[in-house]
There are 2 protein chains.
Amino acid sequence: MNYSEKISLSKETIEGEHSLDDFWSWYNARLAYNRFQITEIPLSNVGNWNYNDTEISHASGKFFKVCGIEVKTDFYGERNWYQPIISQPEIGILGFIVREIKGVLHFLVQAKMEPGNVNILQISPSVQATKSNYTRVHGGNSTPFVEYFLFKNDHSVIYDQLQSEQGSRFLKKRNRNMILDLTDADFPNSIPDDFFWLTLGQLKNLLSVDNIINMDSRTVLSGLPNYTIGNLSYSKTVYSESLAAEDENSFRTLPYLFSWIANLKATYGIETNFTPLIAMKGWVKSEERIYNENNSSFDVIGVRIEASNREVKTWSQPILRSNHTLLNGIVIQEIGGIPHLLFQAVFEPGNFDGVEFAPTVQGSILEFCTDSNNPNLKYSAYFKESFLEKEVLYDSIQSEEGGRFYHDQNRYSIVHLAENTISEIPNNYIWLTLNQVKRLILINNIFNVESRSLLSCMI
Amino acid sequence: MNYSEKISLSKETIEGEHSLDDFWSWYNARLAYNRFQITEIPLSNVGNWNYNDTEISHASGKFFKVCGIEVKTDFYGERNWYQPIISQPEIGILGFIVREIKGVLHFLVQAKMEPGNVNILQISPSVQATKSNYTRVHGGNSTPFVEYFLFKNDHSVIYDQLQSEQGSRFLKKRNRNMILDLTDADFPNSIPDDFFWLTLGQLKNLLSVDNIINMDSRTVLSGLPNYTIGNLSYSKTVYSESLAAEDENSFRTLPYLFSWIANLKATYGIETNFTPLIAMKGWVKSEERIYNENNSSFDVIGVRIEASNREVKTWSQPILRSNHTLLNGIVIQEIGGIPHLLFQAVFEPGNFDGVEFAPTVQGSILEFCTDSNNPNLKYSAYFKESFLEKEVLYDSIQSEEGGRFYHDQNRYSIVHLAENTISEIPNNYIWLTLNQVKRLILINNIFNVESRSLLSCMI
């Protein structure tokens with residue numbers, strides 16, 4: 001079997017090494033075993049962190065910083081704004097280990113506590129490691145299984161690419177999104193209590209539940225080489241057609257897509273310059289928190305964590321608290337009988353190379369677009385209507401990364417529209433087939449994390 | 001016919017709209033008609049340019065700057081050095097217009113004078129335009145044909161991607177490498193005297209002549225969707241096999257290649273920090289020029305140009321004068337009967353995303369590697385031997401970009417080795433099939449300009 005076939009088999013397997021009931025028993029046991037107390041505290045009381053007029057940083061200089069930036073862009077006309085942003089300029093590893101168990105690929109998942117999770121524990125990839133973790137800068141306990149992800153020639157790579165985190169909140173942050181097949185590798189027979197084996201069919205099932213599969217898992221799964229929406233109302237057949245569609249059946253050819261991106265990068269730009277936190281116009285820096293005068297987007301607050309299953313039992317840290325649940329949604333519509341997904345190109349301040357593809361609607365794009373002349377406001381309102389009453393292929397609430405974002409839940413939705421429902425699109429929108437998505441996601445920094453989250457729901 | 005077939009036909013056509021004899025008559029006529037006087041002058045006498053202890057910049061703030069940088073890298077062990085580098089942070093257009101003439105695709109070329117060219121006039125793409133040119137910042141004469149390259153949906157795009165210039169001499173410089181088919185567009189019947197139509201077969205022929213096809217043409221041509229080395233001694237058939245080779249016949253799979261690149265980017269880094277020209281250790285800044293104490297690599301000098309066919313008739317400018325002719329060469333060897341090309345991953349200070357693929361041997365990598373413990377010195381000497389006596393598929397002297405580099409000629413060579421001649425390669429080297437090259441060159445910043453120059457010889 002090639003990987004495409006192996007992945008299809010895993011996707012069709014709902015009863016794997018364990019049943020989904022087993023999964024929930026394990027999940028609830030982990031939740032009961034690991035007790036955590038999360039308390040919001042004033043930023044000025046976050047131990048070991050310096051909170052001054054310029055930035056928020058750890059006393060050791062490690063982990064991450066919260067800085068102020070001034071942003072200027074000429075996309076959608078000249079605009080500029082100020083905002084806090086997270087700076088953590090190193091490449092972390094987000095990695096799934098997969099192994100064949102009784103002939104079916106299983107994914108090794110971990111029940112992971114993050115302080116920002118609304119439900120404390122969510123399902124993470126086998127390994128989530130910062131560069132400090134995997135090079136052991138901390139000197140703490142090492143991350144289980146991380147050694148398999150330090151490059152050796154002898155593991156079978158299913159996916160490995162540098163991809164972005166939220167460009168609206170992270171400055172040029174990228175992680176290695178990795179899926180390794182360790183079927184033929186030396187591997188322990190028993191795994192620690194916080195780990196569990198799931199088939200892709202089971203993961204797919206859990207992706208339809210709110211707030212269980214964490215953001216890091218979702219972004220990695222989006223790199224799998226085939227998509228379907230088989231267990232949803234939209235027919236399998238139509239999806240297979242989109243996947244098999246050759247370039248000549250796509251609305252746009254692949255050279256056209258590359259040209260379209262190159263043109264945006266050559267024509268527009270977004271520039272970010274550091275500015276002291278205290279100098280960010282429109283923002284208030286108090287002892288308690290940093291917040292926007294219009295209550296838009298997010299605050300920066302402190303949290304204190306008392307935990308039992310981390311190398312460090314108690315700590316406090318700064319975190320971005322979200323003020324709104326936003327919609328991230330993709331519209332799918334047939335063009336010439338072939339399903340096409342509608343993406344928009346967006347310039348976000350933290351993007352590595354200016355522009356990335358975002359979903360048809362992405363709430364956070366509007367965070368700083370309060371200018372009523374902004375055409376994006378109009379387009380977004382227009383496309384948002386599509387999500388009200390059409391054929392819904394996917395709809396759930398999912399969390400953003402709980403290590404940096406506090407109670408940050410967004411609605412993720414995929415809807416199907418009949419041919420010609422949308423006939424004209426703005427210049428920064430583009431239609432892609434699933435086959436084109438599959439090719440482009442092999443490349444770094446084409447799809448942003450919000451669109452990868454949605455693509456993971458099509459595994 | 002699809003583009004692959006159209007390109008093959010153009011490649012087989014040696015007698016096009018004009019013969020090669022016509023071409024040489026035209027070229028010599030242009031050379032005779034356009035008289036240029038190029039004189040080396042002291043840097044401190046370059047009119048309209050400020051030459052101070054910090055940098056060299058134009059009085060208008062436009063064009064480019066020459067800055068000093070300190071470079072630190074942990075690739076090949078911890079190393080650091082100082083050097084001048086060109087800063088020109090905008091995306092230019094290098095574009096070929098192609099049109100079918102009597103059923104065969106012809107490329108529109110231009111005879112273009114650049115002050116650094118050893119032979120003054122070389123063949124450039126239809127359009128070479130900086131962003132200032134194509135947005136008319138200068139207010140000078142507009143660049144002929146540039147309007148076709150400003151993105152419209154109605155031209156057929158054959159290739160359009162952002163690609164790098166020399167990472168050892170340019171700071172994150174990228175250009176749009178474009179090939180547009182304007183067969184169906186409104187196009188003037190007669191073209192200006194400095195322009196000429198050539199088939200791909202004719203361009204291929206001219207690529208075997210020294211210093212005729214300029215660097216900008218070569219980098220754009222490398223983006224063509226099919227390669228061959230048909231008119232060389234190496235058999236057509238073997239190349240076709242390499243091109244058709246599916247991933248399972250390649251020495252490395254495509255996911256492996258992406259993983260290999262991601263691992264290098266995550267593991268190593270190269271950091272550049274601006275430093276005043278006067279503070280560059282190992283360099284001397286005099287009234288005349290900036291030069292390295294060891295006479296390595298390049299000097300920065302001034303040139304004065306008196307020309308007749310430019311919008312500005314006389315000007316002077318700083319330019320990098322090369323001190324050595326270097327070898328840039330690719331080794332080709334069969335693995336499992338399929339030809340594979342040997343590339344090395346290199347961290348050059350000006351690279352956009354840390355690492356790019358360079359040819360098997362690239363002379364400029366060694367410019368600042370005078371430490372005899374540097375393993376790259378040993379490897380390069382080893383691979384250089386391959387170019388001495390083996391089956392030579394391509395060998396010529398070609399110029400680097402004459403607008404920034406003075407008399408900078410390098411030897412470009414491709415050699416064929418029998419299976420198993422090279423059995424072990426260093427960790428930063430990788431074997432690729434032509435089919436993999438073809439896929440990866442669609443992506444930005446994978447191949448550096450030296451390797452793209454060599455790939456253009458395989459059109």
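Let me check I've understood the local charge: for B:TYR159, count other residues with C-beta under 11 angstrom from its C-beta, Lys and Arg +1, Asp and Glu -1. What total comes out?
-1
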Efficiency of FRET between A:TYR382 and A:LEU254 - r from beta-carbon atoms, R0 41 angstrom, step 0.05:
0.90
If you take the Cα atoms of the stretch A:60-152, find Rg, then find the Kirkwood Rh from the mean of 1/r over all pairs, what is Rg/Rh?
1.12
Quick check: Cα centre of the stretch B:172-186 to Cα centre of the stretch A:22-75, how many Å?
46 Å
Eligible aspartates and glutamates near B:LYS11 by straight Cα distance, threshold 19 Å, same-chain separation 8 or greater
B:ASP21, B:ASP22, B:GLU100, B:ASP181, B:GLU241
When the dipole is taken about the Cα centre of the stretch A:392-438, and only Lys, Arg (+1) and Asp, Glu (-1) are charged at their Cβ, what size is it in debye, to the nearest 20?
120 debye
Go through the stretch A:72-117 and name the trypsin sites (Lys or Arg not before Pro) that are in a DSSP coil and have 16 or fewer other Cβ atoms within 10 Å of their Cβ.
A:LYS102
Could you give the length gained by full extension between B:ASN295 and B:ASP74, i.e. 0.36 nm per residue of separation minus their alpha carbon distance, to one decimal place?
77.1 nm
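Please work out the Kirkwood hydrodynamic radius for the stretch B:370-458, using every pair of different C-alpha atoms, and report it in angstroms with one decimal place.
15.4 Å
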Let me have the 222 nm mean residue ellipticity of chain B computed from DSSP H runs of 4+ only, each contributing -39500 (n - 2.57), with the sum over all residues rounded to the nearest 500.
-6000 deg cm²/dmol
Net charge of neighbours whose Cβ lies under 13 Å from the Cβ of B:PHE195, counting Lys and Arg as +1 and Asp and Glu as -1:
0
Share of carbon and sulfur in the accessible heavy-atom surface of the stretch A:1-119 [1.4 Å probe, %]
46 percent
Relative contact order of the stretch A:1-146: what whole-number percent is it, with Cα pairs under 8 angstrom and at least 6 residues apart?
17 percent
Using a Debye calculation, one point per C-alpha and no hydration shell, please list log10 I(q)/I(0) for the protein assembly as shown at q = 0.07, 0.09, 0.11 Å⁻¹ in order.
-0.60, -1.01, -1.49
What does the charge dipole of the protein assembly as shown about its Cα centre add up to, to the nearest 20 debye, if the Cβ of each Lys and Arg holds +1 and the Cβ of each Asp and Glu holds -1?
1320 debye
Could you calculate, for the stretch A:10-121, the ratio of the Cα radius of gyration to the Kirkwood radius, expressed as Rg to Rh?
1.13
Relative contact order as a percentage, chain A, C-alpha pairs under 8 Å and 6+ apart, gives 22 percent
Cα-Cα longer than 25 Å, checked against A:LYS172/B:LYS281; A:LYS131/B:LYS72; A:LYS65/B:LYS281, kept in input order, equals A:LYS172/B:LYS281; A:LYS65/B:LYS281
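What's the whole-number percent of alpha carbon pairs in chain B lying beyond 40 angstrom?
The calculated P(r) of chain B puts 17 percent of pairs beyond 40 Å.
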Estimated dipole of chain B in Debye, rounded to 20 [Cβ of Lys and Arg +1, of Asp and Glu -1, Cα centre]:
780 debye
Convex hull per residue volume in Å³, alpha carbons only, for the stretch A:259-332
244 Å³
Note every residue of the stretch A:257-298 with a reduction of at least 40 square angstrom in accessible area, all protein chains present versus the isolated chain, computed with a 1.4 Å probe, or write none.
A:PHE258, A:SER259, A:ALA262, A:ASN263, A:LYS265, A:ALA266
List the distances, in nm and shortest first, from the label point of A:ASP395 to the matching label points in every other copy, placing each point 7 Å from Cα along the Cα-to-Cβ direction.
7.1
What accessible surface, in Å², does a 1.4 Å probe find on B:ILE330, ignoring ligands, DNA and RNA and rounding to the nearest 10?
0 Å²
At the nearest 100 Å², what buried accessible area, both sides summed, do you get for A and B when the probe is 1.4 Å?
2600 Å²
What translational D, rounded to a whole number of µm²/s, comes out for the stretch B:71-212 from Stokes-Einstein when the hydrodynamic radius is the Kirkwood one over Cα pairs, at 25 °C and 0.890 mPa s?
142 µm²/s
Roll a 1.4 Å probe over the protein chains and send me the accessible area per residue for the protein assembly as shown in Å².
37 Å²
Can you list the copy-to-copy distances for B:VAL284, using a point 7 angstrom from Cα toward Cβ, in nanometres, shortest first?
6.4
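The values are calculated or read from the model by the stated rules, or taken from the named source; none is laboratory data. Values in this document were obtained by computation on a predicted structure and should not be read as measured data. Cβ atoms come from the backbone with ideal geometry, glycine included; neighbour counts cover every protein chain shown. Ligands, DNA and RNA are stripped out before the accessible areas are found, and what is left, the full protein with its side chains, is counted by its heavy atoms. Shrake-Rupley method; radii C 1.70, N 1.55, O 1.52, S 1.80 Å.
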